[in-house]
């Protein structure tokens, strides 16, 4: 099983839910790849400092705060992926 490296933006309530799901998914489904929680980050430094659970949740590179331009570029990629798959807002 090869690793599927996962990066996530944001780790409020839904971030906790998705972290847990990524860690447990292989217990419920037969996967070709093994999810590996690589990096998680936020836009707000104050909020990022409060979420110490991200290390406990298994993320290798937690609590990095994105600069605005990196956030904008990452968001643009997510929107493009969504549109390429036919998902509409």
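The values are calculated or read from the model by the stated rules, or taken from the named source; none is laboratory data. Quantities reported herein were computed from a predicted structural model and do not represent experimental measurements. Every residue, glycine as well, gets a Cβ built from its backbone with ideal geometry; the counts of neighbours run over all protein chains shown.
The set of residues in the range 1-37 being more than 16 Å from residue 59 (Cα to Cα) and either modelled with pLDDT of 85 or more or surrounded by 13 or more Cβ atoms within 10 Å (Cβ to Cβ) (or both) consists of 2, 26, 27, 28, 29, 30, 31, 32, 33.
In this entry, residue 62 passes the filter for residues that are modelled with pLDDT under 75 and on the phi < 0 side of the Ramachandran plot.
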